[in-house]
Amino acid sequence: MEFRERYKVIAILFSLGSIVLLFNLLDHQILDSNYSTRAENRTLTKRTIVPARGIISDRNLNLVVINQPTYELEIVVSEINVNFDKAKFCELLEIGTDEYDQTLQKVQQRHYYRRNLPITFLENIDPAIYSRFQEHLFEFSGFYPVINSKRYYPYPNGGHTFGYVSEVNNEDIRLNDEFEIGDKKGVSGLEKTYDIALRGKKGTEYLLKDNLGKEVDLYRGGLLDSMSTPGQDLVTTLDIELQEYGEYLMQNKRGSFVAIEPRTGELLAMISSPSYDPNKLSFGKERAQAFLDLLSDTLNQPILNRTVQAKYPPGSIFKPIFGLIAMQEGITYASRPMTCTGEYVINEKKGFIQGCRDHPYPANIQIALQHSCNTYFYQIMREFINQFGYRNPGKGLDLLNSHLSNFGLGQSIGSDLLGEINGFIPSTSFFNEKYKCNECWRSTYILSLGIGQGELELTSIQMANLAAIIANRGYYIKPHLVKAIGNKPSAHVGKEKNFVKIDSIYFEPIIDGMRRVVNSGTGFNSFVRGIDIAGKTGTSENPRGIDHSVFFAFAPVDDPKIAIAVYVENAGGGGSVAAPIGGLMIEKYLNREISDNRKRVEQNISKINLLEVL
């Protein structure tokens, strides 16, 4: 009897214990989601699908920026088996064990390194090596092969314009929750301006792993996955063949070239020299050293985009603009003659005399432009500033600056190339501060502005836009580089015309004078048989060395298809280097080739090396 009672007690206790165990098992595996989540975490991989970055083409649909597949290996340090076969790992990837240790050390020194997050370990793995390694992937936990892409430039041109991409940093991730470690973004040029459109939208997929860590299937049939959206393609306004040719002519020179289609504001070429092959700044082992080399060249500054980030005194190419403004305000007229003795006397007693070149008598403004007469424009400038009284120069200067602002000077043009600076137009307040008084300065202090010297500074894109304004007889459309994003026109396409406050009748004498410059004046080296070109040379004085060579022009005169500006630092007179470059570029764009009788000019220009000139 006693045995039966003990048996009952033991059975009851056993049953109660079983019930408790079953309840705990039910709670752990069904009711408590933490355990199922932990189990899923051991068998699931969340993979971010990075879409292909949009490609870029020129105006003729030539591909200029594309994606090239690159094979990489990522590492999650916390998942590495400390006893894994390092020798076999290195043999499969054809690297030395020392290289493995050094690479791992560099990875752990990166500012965004985290033990439990994937980070790039090896880049640009040979496809055959990559494929062979994948077959042994299950032996190396913590390593993940990744097919990525890098930017490739079929034409090694336009580095400043197209820009480059780079991996995001911690600050980027903090400011934008769409970014993750390893993501890439545009950091300069069009890659930066249109980064959001180009990079598209990421997707996500969840994959099941087996007990060896191999990915075997989609989780829940892909129910939780999201599709990626490819980046949008850009169609630019650039003519890559013109860009390529311009970089050839500008090689071994410091300066810039900008070409615009006047009717639309489309930028045809943007050349900053010295330039660089944009492929060198694409992802790869050599990228860091290439970037360091560009930055360390402080003399030639190849990383500087001189088309929009350098400001220069325009020199005598400013004379046509000032001539238009002076005629509009009634200060002068087209047929006005003026005596020039080869110098302009400001104050003979004090020896204030400005020089001028030896040239024929300037019987009108056309001849004054043809031979770039300084005296002509000194006198007009003096009269313009003094029109409200000799002791009231500020009012005259303010009126001039109002017109210059209307021409898009002293401010960003507003193109879609980020980093564009304003240039500089000196104001009344500037001269009051300079001379420490309230308009104690006089017109004779600032006569050099009338010939594009002194404190006046423009960017190359502004200079080209001035040529476009004259070509259009009084208006411009904001210069821009992109005409289509995906299937939609760029916001710049079809924008309204920006008119300057100059009556149309004043443009013809100015254009006639610029035509004479090319046909038989200071810009004769830009003459191209069969193409009617209107242009103006400039010699920008450089107090620190050899003067700068400047030229702007447009053609054909009666049906303008291209307006250009050329600025070559330390090259001397405008007719010597800048003008022939301008003529060659116009000929190349309109005729698509250089005529035989101009080949010698082409060869001579391309051989000029000015990089050693200080």
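The values are calculated or read from the model by the stated rules, or taken from the named source; none is laboratory data. Keep in mind that what you see is a predicted model, and the values were worked out from it rather than measured. Note: ideal-geometry Cβ built from the backbone for every residue, glycine included; neighbour counts use all protein chains shown.
Numbers at a glance
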quantity: Among the candidates Gly159, Gly189, residue that is on the phi > 0 side of the Ramachandran plot and out of contact with any strand residue (DSSP E or B) (no Cβ under 6 Å at 6 or more places or on another chain); calculated: Gly189
quantity: Criterion violated by Val107 - all others in (1) in contact with a Leu (Cβ under 7 Å, 6 or more places away or on another chain); (2) part of a helix (DSSP H, G or I); (3) under 30 Å from Leu198 (Cα atoms) satisfied; calculated: (1)
quantity: Extreme residue, surrounded by the fewest Cβ atoms within 10 Å (Cβ to Cβ), among residues of the range 312-334 that are without any contact (Cβ under 8 Å) to a residue 60 or more places away in the chain and closer than 18 Å to Thr375 by Cβ; calculated: Tyr333
quantity: Meets criteria (assigned by TED's automatic domain parsing to the domain that holds Ala534, surrounded by 18 or more Cβ atoms within 10 Å (Cβ to Cβ), farther than 15 Å from Tyr445 by Cα and of a type in the set (Phe, Trp, Tyr)) for Tyr361; calculated: no
quantity: Every residue from the range 131-155 that is touching a strand residue (DSSP E or B) at 6+ places or on another chain (Cβ under 8 Å) and polar (S, T, N, Q); calculated: Gln134, Asn148, Ser149
quantity: Residue list for the range 70-105, filter: surrounded by fewer than 12 Cβ atoms within 10 Å (Cβ to Cβ) and either closer than 15 Å to Glu123 by Cβ or of a type in the set (Gly, Ala, Ser) (or both); calculated: Ser78, Ala87, Gly96
quantity: Leading residue by the ranking (farthest from Ala464 (Cα to Cα)) among those in the range 518-558 that are in a loop (DSSP other than H, G, I, E, B) and among the aliphatic types (A, V, I, L, M); calculated: Ile546
quantity: Identity of the residue in the range 131-189, assigned to a loop (DSSP other than H, G, I, E, B) and polar (S, T, N, Q), that ends up surrounded by the fewest Cβ atoms within 10 Å (Cβ to Cβ); calculated: Asn176
quantity: Any hit, the range 37-53, residues being modelled with pLDDT of 90 or more and either of a type in the set (Val, Ile, Thr) or touching a helix residue (DSSP H, G or I) at 6+ places or on another chain (Cβ under 8 Å) (or both); calculated: yes
quantity: Ala565 vs. criteria part of a helix (DSSP H, G or I), assigned by TED's automatic domain parsing to the domain that holds Ile365 and among the small types (Gly, Ala, Ser); calculated: no
quantity: Residue in the range 449-456 that is at negative phi, assigned to a loop (DSSP other than H, G, I, E, B) and of a type in the set (A, V, I, L, M, F, W, C) present; calculated: yes
quantity: Enumeration of residues in the range 485-498 that are under 27 Å from Pro556 (Cα atoms) and of a type in the set (A, V, I, L, M, F, W, C); calculated: Val493
quantity: Verdict on Ala563 being free of Cβ contacts under 8 Å to residues at least 40 places away in the same chain and under 19 Å from Thr237 (Cα atoms); calculated: no
quantity: Restricting the range 106-127 to residues that are closer than 20 Å to Phe283 by Cα and either without any contact (Cβ under 8 Å) to a residue 40 or more places away in the chain or not assigned by TED's automatic domain parsing to the domain that holds Ser78 (or both), the residue that is surrounded by the most Cβ atoms within 10 Å (Cβ to Cβ); calculated: Val107
